[in-house]
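The values are calculated or read from the model by the stated rules, or taken from the named source; none is laboratory data. Please read all numbers here as calculations on a predicted model, not as lab measurements. Cβ sites come from the backbone with ideal geometry, for glycine too, and all protein chains shown count toward neighbours.
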Amino acid sequence: MPRATTHHVCSACGHESAKWHGRCPGCEEWGTLVEEAKPVPQAASARAGGGGGRGRALTPVPLSQVEAPRVARLRTGIGELDRVLGGGLVPGSLVLLGGSPGIGKSTIVTSALGNVVAGGGSALYVSGEESAAQVRLRAERLGPSVLAVPIVAETDLDAVVATIEAERPDVCVVDSVQVLHAAGLTGAPGSVGQVREVAGRLMRVAKTCGIAIVLVGHVTKEGALAGPRVLEHLVDCVLSFEGERERTYRTLRALKNRFGSTNEAGVFEMRDEGLVEVEDASARFVAEATPRAPGSAILCSMEGSRPLLVEVQALVAPTELVPPRRMANGIDRNRLALVLAVLTRHGGMAKQPALPDAHEGVLAVGSADVFVSVAGGVRIDEPGADLAIALAIASAARGVPLGSSDRPLATFGEIGLTGELRHVAHPDRRLAEAAKFGLGNVLHPGPALPDLGAALRASIDRSVGQQRAA
Ligand SMILES: Nc1ncnc2c1ncn2[C@@H]1O[C@H](COP(=O)(O)OP(=O)(O)OP(=O)(O)O)[C@@H](O)[C@H]1O
Ligand SMILES: [Mg+2]
């Protein structure tokens, strides 16, 4: 019988085992054993030295004497992508681009390679998921420059590594890391051991040949990158492509970047000719806002270091269901639950207001269906969105618009559990962005607006007063 070349190692405690077990015999954790290639045994002569010291001693050098040649970054020609990468791809780096199925990962990397080739660089597209013919059909849609991109359709890791080493392109895209198969391991492609081995080998190629390699990765249903978290440690940069497939807007974020800030985000729109950068995203969202409708507020949010105005919409509808429905699109469900709780507890929205003039259609949020959505399919992931969500819900529940005449109400701020409003980062940039679009009067935390009650009085109650006066 041939000797096994792989073994199983527990990723939690390091226990080694020849066979796979569901539960680690060492630490008794479930599902932690991962197949790995066995290390090549050292030659007996190398081990013979005394004192256990087998290696040669190295001479440490001060950092100031370390040679660090300034390598030019490689522009992908997609402004938003370059910005998220921190100015372009770094030669010799490994980038992981994750996103849910059909979000446009292959589209953006194909366009980027087309731009690199058009700019005189060399590129290679390794397609494991789609045949070369399928990629060509996409390329035709994306434009003539993309058709010049060289492609190989292969899933065998050894063949892919050999091709990259022979071709030595400036940029190589591997679509996707989960379908490549390392021959030495018995695990199925996409399994933890395989993905780790594939990424490790490709990293060595990237570093030794100075090639920027972009790995395309899938995300699981829960939204985490499929494959082990260890992949995120291995690569230099993790980009996440977010948005909903059915909607047109997608955001690209850096979750980790060894060569730049992780605060950047790019906004794209999926069109016939591929993903198009949206540089004036705020202008679009403000123009599409519905200031006269109840349940609409403009949120001055921050997408990394860039301010972005988006419309938050809410609908509060009567229901027979117990418990009532809570649906969140573009915001975290838990965030919505928290805002609703504070709204009912500290904003007086628990019961039907017992006002003498309480008109029909005033709903108690505690027992009504609540739907909240960020218009355009943008995902907002920051606490500064709380106040906009709360005001949109309150406005929908009471049936009064927040905006004055033709201007929507702009707002931002975090809501604390006791109903107080908290400061969020970069208020000046948010205010400047709102002012740019003629939204001068922004509701935000400050001495005049210490808590949610004050914010409701300044927006909803004022609108009710105006309605009554009219
Ligand atoms: N002719 C078209 N016009 C507009 N959008 C299109 C067109 N053809 C495809 N698309 C969009 O492109 C998306 C697929 O893009 P792409 O193949 O790049 O996604 P992906 O993230 O690589 O998906 P997968 O995970 O399956 O590899 C589709 O969901 C669709 O929205
Ligand atoms: Mg794809």
*From (1) more than 22 Å from residue 209 (Cβ to Cβ); (2) away from ligand 1 (no atom under 16 Å from the Cβ); (3) modelled with pLDDT under 90, pick out the condition that doesn't hold for residue 69.*
(1)
*Taking only segment 420-440 into account, find how many residues are touching a Leu at 6+ places or on another chain (Cβ under 8 Å) and either among the aliphatic types (A, V, I, L, M) or surrounded by fewer than 19 Cβ atoms within 10 Å (Cβ to Cβ) (or both).*
4
*List the pairs whose first member sits in segment 105-126 and is farther than 14 Å from residue 168 by Cβ, whose second member is assigned to a loop (DSSP other than H, G, I, E, B), and whose Cβ atoms are under 6 Å apart, counting only residues at least 6 apart or on separate chains?*
112/76; 112/78; 113/149; 114/149; 115/76; 115/77; 117/149; 125/149
_Can you tell me how many residues within segment 113-130 are touching an Asp or Glu at 6+ places or on another chain (Cβ under 9 Å) and not hydroxyl-bearing (Ser, Thr, Tyr)?_
8
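For segment 254-342, list the strands (runs of 3 or more DSSP E) that sit wholly inside it and hold at least 3 residues that are of a type in the set (A, V, I, L, M, F, W, C); which are they?
Result: 265-271, 296-303, 306-317.
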*In this structure, is residue 388 farther than 23 Å from residue 249 by Cβ, modelled with pLDDT of 80 or more and out of contact with any Pro (no Cβ under 7 Å at 6 or more places or on another chain)?*
no
*Could you grab the pairs with beta carbons closer than 7 Å, sequence gap of 6+ or different chains, first residue in segment 236-255 and modelled with pLDDT under 90, second one away from ligand 2 (no atom under 16 Å from the Cβ) and basic (Lys, Arg)?*
240/253; 242/253; 242/379; 243/379; 251/379
*With respect to the numbered conditions (1) surrounded by 10 or more Cβ atoms within 10 Å (Cβ to Cβ); (2) part of a loop (DSSP other than H, G, I, E, B); (3) modelled with pLDDT under 90; (4) touching a strand residue (DSSP E or B) at 6+ places or on another chain (Cβ under 8 Å), which one is the sole condition not fulfilled by residue 92?*
(3)
*Is one or more of the residues making up segment 167-182 more than 18 Å from residue 99 (Cβ to Cβ) and in a helix (DSSP H, G or I)?*
yes
